[in-house]
Each structure stands twice: as structure tokens, then as C-alpha cells.
1. Helix 4-20 versus the longest principal axis of the chain: what angle, 0 to 90°, nearest 10, using Cα atoms?
2. Say each of Arg20 and Ala138 gets a label point 7 Å from the Cα, pointing the same way as Cα to Cβ; how far apart are those two points in nm?
3. Compute, for the chain, the length of the dipole vector about the Cα centre, with Cβ point charges of +1 (Lys, Arg) and -1 (Asp, Glu) only. Units Debye, rounded to 20.
4. Explain nothing, just the number: dipole magnitude of the stretch 63-129 about its Cα centre with +1 on each Lys and Arg Cβ and -1 on each Asp and Glu Cβ, in debye rounded to the nearest 20.
5. Quick check: from the Cα gyration tensor, does the stretch 44-107 come out rounded (a/c under 1.5), prolate or oblate?
6. Take the alpha-carbon centre of the stretch 84-161, take the same for the stretch 53-70, and report the distance between them in whole Å.
7. Need one number: nm distance between label points at Ser109 and Ala70, each 7 Å from Cα along Cα→Cβ, rounded to one decimal.
8. What's the local net charge at Gly66, with K and R +1, D and E -1, over the other residues with C-beta under 14 Å away?
Amino acid sequence: MIDDALVALAEALGRAALARDVRIATAESCTGGLIAGAITAVAGSSDWFECGFVTYSNEAKRRDLGVPEATLERFGAVSEEVARAMAEGACRVSGCRWAVAITGIAGPSGGSPEKPVGTVCFAWAGPAGAEALRRLLAGDRRDVRRESVRIALQGLIDRLA
């Protein structure tokens, strides 16, 4: 699943992180560690990658990242609000200035009319705060997860550039 194009994005992220002298953390749900996998496929990523959290369950989101129970209950795990709390939590717990978070419904089941399969929420947290984005991605589970990793990496690159 981690192909040359994703590794190239991770390499570009590494150059941007090193140029700004920052370390990166990830918080992942539907991608199950694929962002961290793409990053650690890059030789030397230990110079700029701190850690990755895979918080698949709501309990893990609460316990490991400090996502408030009230936020999960009010908005659901797949929401911009939860993605934002995950990214902020990853920064707080890791001590990093920058983090990316993903939570979504990769399928093939689990969707609803309000949040169909392919709904993915992203957040990027940095020194100026956190920014979230919701997207509806096409394709099967593999496609949704791969595109999610691409969007997450590109979002960090854009914010560090």
C-alpha cells in the first residue's frame, strides 16, 4: 500500500521538517499507521519523525490522545472536531510542534447517510492551532486509505512550506 509516490511525499515532508527544524507526530484511526509507515520508509526519518499513535477505538482516542468524551459523543468519531482533538492531543503528548490526524470510514461497511463510506476527516495541528478538513473519498477500502495518507502528507508539506 505504501508506494513510491507516498514515499516521495514523505521524503518531501522530511526536507520541509528539517528545513524548519521541527519534529512530526501522527494520530491515525482508519489508516492504521500507514502515515507513520510511509514516513519511516524514508531513511533518516528519525531525524524529524517523533512518533505515531494508532487510536482505532474511541477508548484509545480518549486514553492515548485525550480526546474528550463529550466531543466523541456529540460529533462522533468521524468528525472534524475529533480529528482536531486527535492532532492537538498528538502534539501535546509527544511534545511535537506539528501533528496530523485522520479518522474516517474506509469501508466496505460502517457508513451511514450522514457519513457514507469514504468519509474521512483530517486535521493538522501546529504552533498557530489546528485546522480540520472533511472529504468524501472514492474507491474501495484500499483506495480510501491510500488517498487519506496522500492528503495527510501533502497537508503537512503545504503547512510547513
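Each value in this text was obtained by applying a stated rule to the coordinates, not by laboratory testing. Because the structure is a prediction, the values reported are computed rather than measured. Positions of Cβ are backbone-derived with ideal geometry, glycine not excepted, and every protein chain shown enters the neighbour counts.
1. Roughly 60 degrees between the two axes.
2. 3.1
3. Approximately 120 debye in magnitude.
4. Values: 6 positive and 7 negative charges, 38 e Å.
Using Cβ point charges on Lys, Arg, Asp and Glu, the stretch 63-129 gives about 180 debye.
5. Values: a/c = 2.26, a/b = 1.74, b/c = 1.30.
It comes out prolate by the Cα gyration axes.
6. Between the Cα centre of the stretch 84-161 and that of the stretch 53-70, the gap is 15 Å.
7. Those two pseudo-labels are separated by 3.4 nm.
8. 0
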